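First comes the structure, then the notes that go with it.
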Amino acid sequence: MLRPRYHRFAAFGLGVGTGGALLWLGIDVLLSSAVAVALAVSVAFQFRTNREFPDRWTGSGWRNDRWTLLSLAVTNFAALVGVRWLPLPNGYGAAVSFLIIFVGVSAYLGGLLAAKERGPFDDERSVGNTGVPEGD
């Protein structure tokens, strides 16, 4: 039971450490905190996905992972190539790139957790459902 707590502390510590390092490098407080939160959430989601759904990362093939790979490739392309075209001060381009990557990863993992936790019969267990189809 302590493992989830350790995972949360590790994710929080990694986020705080990253935010502090970005502040030390002279990055704006808002951007540093946004990157720190995005990283902490991404790491926390990754820990939870690995803990609760370990089968998700084994035995997958191209047919199962093609949309994941495509969405993460587009996110990384936008972060690593698209940001370079923006007129940002030194250091801010890398911070914005990391922000885009971490937000993309946390969005993917959040969607994965939502889809995995939703059972096939969740619609039938909703509040007020009598089990009788509409129109009967």
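The values are calculated or read from the model by the stated rules, or taken from the named source; none is laboratory data. Just so you know, these numbers come straight off a predicted model, no measurement behind them. Cβ coordinates were reconstructed from backbone atoms using ideal geometry, including for glycine residues, and neighbour counts include every protein chain displayed.
Residues in the stretch 5-32 that are under 18 Å from Leu88 (Cα atoms), among the small types (Gly, Ala, Ser) and surrounded by fewer than 18 Cβ atoms within 10 Å (Cβ to Cβ): Gly26 only. Looking at Gly93, Gly104, just one residue is touching a Lys or Arg at 6+ places or on another chain (Cβ under 7 Å), within 23 Å of Val41 (Cβ to Cβ) and modelled with pLDDT of 85 or more, and that residue is Gly93. The listed residues are Phe77, Phe98, and the only one of them that is modelled with pLDDT of 85 or more and closer than 27 Å to Phe12 by Cβ turns out to be Phe98. Remark: pairs (first residue in the stretch 34-55, without any contact (Cβ under 8 Å) to a residue 40 or more places away in the chain and crowded, with 19+ Cβ neighbours inside 10 Å; second residue hydroxyl-bearing (Ser, Thr, Tyr) and in a helix (DSSP H, G or I); Cβ separation under 8 Å; 6+ apart in sequence or on different chains) = Ala36/Thr18.
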